[in-house]
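For reference, the structure is listed below as structure tokens.
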Ligand SMILES: Nc1ncnc2c1ncn2[C@@H]1O[C@H](COP(=O)(O)OP(=O)(O)OP(=O)(O)O)[C@@H](O)[C@H]1O
Ligand SMILES: [Mg+2]
């Protein structure tokens with residue numbers, strides 16, 4: 001679904017990613033690495049918030065390297081940013097409507113999300129800025145799912161969230177992946193990431209330090225790579 | 001009471017005119033953060049649209065209602081043109097935007113001078129605006145009532161559009177978090193353009209109202225631009241309710257001052273008051289609250 005070929009990307013003059021690739025063969029890819037390794041930067045380049053200075057991003061057989069993010073969303077990418085972002089001045093419901101607007105089955109998708117995430121139904125008319133972090137993360141995932149994506153890009157979806165809800169979010173992700181959705185996942189929780197992933201990439205200083213097939217068996221080599 | 005009523009009513013009408021002039025700025029300045037000094041000339045453009053419409057359709061009974069949507073579209077397209085050619089390259093550089101749009105304002109004034117007589121042109125008011133209504137013994141000119149009704153209609157339409165329409169949601173989302181809006185599938189560049197179109201179009205509507213009250217000439221935009229910005233800032237930038245209150249307060253204050261002193265001194269006094277108010281409450285009348293700010 002997603003293939004990244006040898007991209008360089010960064011901010012202004014500073015290059016952060018150096019020749020990073022992700023093979024197109026795996027449907028569930030985990031990106032691991034220390035703080036500042038370039039994980040978020042890689043995801044931002046994937047969704048199009050920053051343009052790579054070199055290399056290509058290919059999605060569903062199409063070169064999307066030069067498409068604006070909203071175009072990539074139209075084609076089936078969805079992005080859940082790091083840090084539980086939402087439109088704080090919009091109500092929970094408006095947050096969902098924003099992405100549902102103009103979709104044939106928009107209303108049905110909103111109803112489906114309110115059912116999947118009961119907390120969102122409970123606080124539907126509350127401003128999203130007043131939701132708790134975990135609720136806002138559920139809202140962010142719900143917004144992404146309303147677009148019925150082919151690829152879900154998740155940047156540390158369980159960061160700063162209480163363990164019981166973490167398990168819920170992890171279950172949601174695994175369920176979606178089993179339902180045929182491709183996932184590009186950044187996750188500090190290595191155990192879960194490897195368990196879910198078909199392929200993993202360890203970034204260090206913006207370079208691929210290690211990669212391989214997912215599964216908990218890879219734990220040892222990942223830990224070794226991250227210790228460097 | 002007999003003394004206070006006329007300035008109160010006249011002041012409300014003046015406030016309504018100010019409000020019309022400022023309403024578009026709640027979008028272009030309030031929502032998008034653009035200091036568009038050519039907004040006053042978009043008002044002027046609207047006034048000239050009223051004049052030109054009257055030349056084509058001599059019946060002012062018909063031409064004025066027709067001029068309102070026309071002025072909206074003409075001023076809207078001027079704004080769109082400005083956004084596409086200049087402002088879009090300067091979104092993060094307010095000073096450059098200010099200087100560039102002052103230049104555009106001067107060009108538009110010069111263009112108006114080339115096309116229309118220097119002393120200005122008359123816009124005839126429709127016959128249905130002749131006359132007065134009796135308010136507690138005061139003969140209130142219908143022309144003033146019209147300005148108030150028009151302002152109220154524009155405010156209601158804008159507020160409803162922002163709050164309830166899907167496009168309004170997209171504007172609010174884009175303003176709050178552009179990257180998140182983009183990655184939620186919102187084409188933020190078209191949102192920018194349409195927001196600018198509507199904000200500028202409202203200036204055109206204000207121009208039609210202004211043409212019925214003051215003169216229509218190449219300099220008329222100048223007298224509106226500063227008051228309009230002040231009213232938006234005092235209202236709490238981007239807050240429509242605040243802008244309404246601020247505009248009415250300034251209009252009424254100005255009229256009372258004019259009653260007691262001279263007209264130009266009244267304007268100065270009113271704006272000194274606004275500036276003092278902003279010293280005490282820099283965020284304006286209304287502010288937005290979130291968990292993050294609380
Ligand atoms: N907007 C920005 N402008 C300039 N440099 C940035 C910007 N965002 C990130 N960086 C730099 O890019 C590098 C990689 O940052 P990135 O956010 O991709 O790391 P990360 O792997 O996601 O880290 P974390 O685990 O803390 O989220 C860091 O050195 C960071 O300082
Ligand atoms: Mg990160």
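The values are calculated or read from the model by the stated rules, or taken from the named source; none is laboratory data. Quantities reported herein were computed from a predicted structural model and do not represent experimental measurements. Reconstructed Cβ throughout: ideal geometry from the backbone, glycine too, with neighbour counts over all protein chains shown.
Are there any helices (runs of 4 or more DSSP H) wholly within the stretch A:126-225 with 1 or more residues that are within 16 Å of ligand 1 (Cβ to nearest atom), and if so which?
Helices (runs of 4 or more DSSP H) meeting the threshold: A:133-146, A:190-196.
Give me a count of the residues in the stretch A:179-192 that are farther than 14 Å from residue A:26 by Cα and surrounded by 14 or more Cβ atoms within 10 Å (Cβ to Cβ).
Number satisfying all stated conditions: 6.
Of the conditions (1) facing another protein chain (nearest Cβ under 9 Å); (2) away from ligand 2 (no atom under 16 Å from the Cβ); (3) in contact (Cβ under 8 Å) with a residue 24 or more places away in the chain; (4) buried (at least 21 other Cβ atoms within 10 Å of the Cβ), residue A:89 satisfies every one except a single condition; which number is it?
Checking residue A:89 against (1) facing another protein chain (nearest Cβ under 9 Å); (2) away from ligand 2 (no atom under 16 Å from the Cβ); (3) in contact (Cβ under 8 Å) with a residue 24 or more places away in the chain; (4) buried (at least 21 other Cβ atoms within 10 Å of the Cβ), the one that fails is (4).
Which members of the stretch A:23-53 meet the condition of being touching a helix residue (DSSP H, G or I) at 6+ places or on another chain (Cβ under 8 Å), within 24 Å of residue A:221 (Cβ to Cβ) and within 16 Å of ligand 2 (Cβ to nearest atom)?
From the stretch A:23-53, those touching a helix residue (DSSP H, G or I) at 6+ places or on another chain (Cβ under 8 Å) are A:27-28, A:30-34, A:47-52; that's our starting set.
Filter once more, so that each one left must be within 24 Å of residue A:221 (Cβ to Cβ): A:27-28, A:30-34.
Once the filter is applied, which keeps residues that are touching a helix residue (DSSP H, G or I) at 6+ places or on another chain (Cβ under 8 Å), within 24 Å of residue A:221 (Cβ to Cβ) and within 16 Å of ligand 2 (Cβ to nearest atom), the stretch A:23-53 yields A:30, A:31, A:32, A:33, A:34.
Out of the residues in the stretch A:41-55 meeting the condition of being within 16 Å of ligand 1 (Cβ to nearest atom) and exposed (fewer than 15 other Cβ atoms within 10 Å of the Cβ), tell me which one is farthest from residue A:151 (Cα to Cα).
Applying the filter and picking the extreme gives A:53.
I'm told residue B:253 meets every condition in (1) within 14 Å of another protein chain (Cβ to nearest Cβ); (2) part of a helix (DSSP H, G or I); (3) surrounded by fewer than 24 Cβ atoms within 10 Å (Cβ to Cβ) except one. Can you identify the failing condition by its number?
With (1) within 14 Å of another protein chain (Cβ to nearest Cβ); (2) part of a helix (DSSP H, G or I); (3) surrounded by fewer than 24 Cβ atoms within 10 Å (Cβ to Cβ) applied to residue B:253, the lone miss is (1).
Out of (1) within 25 Å of residue B:200 (Cα to Cα); (2) exposed (fewer than 13 other Cβ atoms within 10 Å of the Cβ); (3) more than 14 Å from chain A (Cβ to nearest Cβ), the odd one out for residue B:163 is which?
(3)
Restricting to the stretch B:166-179, what's the tally of residues that are at the interface with another protein chain (Cβ under 9 Å from one of its Cβ atoms) and part of a helix (DSSP H, G or I)?
Here is the first cut: in the stretch B:166-179, the residues at the interface with another protein chain (Cβ under 9 Å from one of its Cβ atoms) are B:166-167, B:169-170, B:172-173, B:175-177, B:179.
With part of a helix (DSSP H, G or I) added as a condition, the list becomes B:166-167, B:169-170, B:172-173, B:175-176, B:179.
Residues meeting the conditions: 9.
Kindly indicate which of A:139, A:130 is surrounded by fewer than 18 Cβ atoms within 10 Å (Cβ to Cβ) and within 14 Å of chain B (Cβ to nearest Cβ). Walk me through how you get there before you give the answer.
Details: A:139 fails: surrounded by fewer than 18 Cβ atoms within 10 Å (Cβ to Cβ).
Only one candidate passes the filter, namely A:130.
Determine whether residue A:38 is within 12 Å of ligand 1 (Cβ to nearest atom) and surrounded by 22 or more Cβ atoms within 10 Å (Cβ to Cβ).
Yes.
Need at least 1 residues that are closer than 22 Å to residue B:180 by Cβ and free of Cβ contacts under 8 Å to residues at least 60 places away in the same chain per element, so show me which strands (runs of 3 or more DSSP E) inside the stretch A:1-52 make the cut, counting only ones lying wholly within it.
Counting at least 1 such residues, we get A:2-11.
Looking at this structure, is residue A:96 closer than 22 Å to residue A:166 by Cα and in contact with a strand residue (DSSP E or B) (Cβ under 8 Å, 6 or more places away or on another chain)? Full working, then the answer.
Working: closer than 22 Å to residue A:166 by Cα: yes; in contact with a strand residue (DSSP E or B) (Cβ under 8 Å, 6 or more places away or on another chain): no.
For residue A:96, the condition - closer than 22 Å to residue A:166 by Cα and in contact with a strand residue (DSSP E or B) (Cβ under 8 Å, 6 or more places away or on another chain) - is not met.
One line per residue, one yes/no per condition, for (1) farther than 27 Å from residue B:170 by Cβ; (2) at pLDDT 95 or above:
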residue	(1), (2)
B:44	yes, yes
B:60	yes, no
B:68	no, yes
B:105	yes, yes
B:137	yes, no
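Within the stretch A:56-73, does at least one residue satisfy the condition of being surrounded by 22 or more Cβ atoms within 10 Å (Cβ to Cβ), over 16 Å from the mean Cα position of the chain (by Cα) and either away from ligand 2 (no atom under 16 Å from the Cβ) or more than 14 Å from chain B (Cβ to nearest Cβ) (or both)?
No, the stretch A:56-73 contains no residue that is surrounded by 22 or more Cβ atoms within 10 Å (Cβ to Cβ), over 16 Å from the mean Cα position of the chain (by Cα) and either away from ligand 2 (no atom under 16 Å from the Cβ) or more than 14 Å from chain B (Cβ to nearest Cβ) (or both).
Among the residues of the stretch A:1-22, which ones are within 16 Å of ligand 2 (Cβ to nearest atom) and within 14 Å of chain B (Cβ to nearest Cβ)?
If the condition is that a residue be within 16 Å of ligand 2 (Cβ to nearest atom) and within 14 Å of chain B (Cβ to nearest Cβ), then A:11 is the only one that fits.
Condition check ((1) assigned to a loop (DSSP other than H, G, I, E, B); (2) touching a helix residue (DSSP H, G or I) at 6+ places or on another chain (Cβ under 7 Å); (3) touching a residue at least 60 places away in the same chain (Cβ under 8 Å); (4) more than 30 Å from residue B:133 (Cβ to Cβ)) across all residues:
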position	(1), (2), (3), (4)
B:12	no, yes, yes, no
B:29	no, yes, yes, yes
B:41	no, yes, yes, yes
B:47	no, yes, yes, no
B:51	no, yes, yes, no
B:71	no, yes, yes, no
B:96	no, no, no, yes
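Tell me the residue from A:208, A:202 that is within 16 Å of ligand 2 (Cβ to nearest atom) and in contact (Cβ under 8 Å) with a residue 60 or more places away in the chain, please.
Working: A:208 fails: within 16 Å of ligand 2 (Cβ to nearest atom).
After applying the criteria, what remains is A:202.
Which of the residues belonging to the stretch A:19-35 are within 21 Å of residue A:149 (Cβ to Cβ) and within 12 Å of ligand 1 (Cβ to nearest atom)? I'd like the intermediate steps shown before the answer.
Start the filter on the stretch A:19-35 by keeping residues that are within 21 Å of residue A:149 (Cβ to Cβ), which leaves A:22-31.
A:31 - this is the single residue of the stretch A:19-35 that is within 21 Å of residue A:149 (Cβ to Cβ) and within 12 Å of ligand 1 (Cβ to nearest atom).
Among the numbered conditions (1) in a loop (DSSP other than H, G, I, E, B); (2) within 13 Å of another protein chain (Cβ to nearest Cβ); (3) at pLDDT 90 or above, tell me where residue A:102 comes up short.
Going through the list (1) in a loop (DSSP other than H, G, I, E, B); (2) within 13 Å of another protein chain (Cβ to nearest Cβ); (3) at pLDDT 90 or above, residue A:102 breaks only (3).
Are any of the residues in the stretch A:101-110 farther than 20 Å from residue B:170 by Cβ and in contact (Cβ under 8 Å) with a residue 40 or more places away in the chain?
The answer is no, given that none of the residues of the stretch A:101-110 is farther than 20 Å from residue B:170 by Cβ and in contact (Cβ under 8 Å) with a residue 40 or more places away in the chain.
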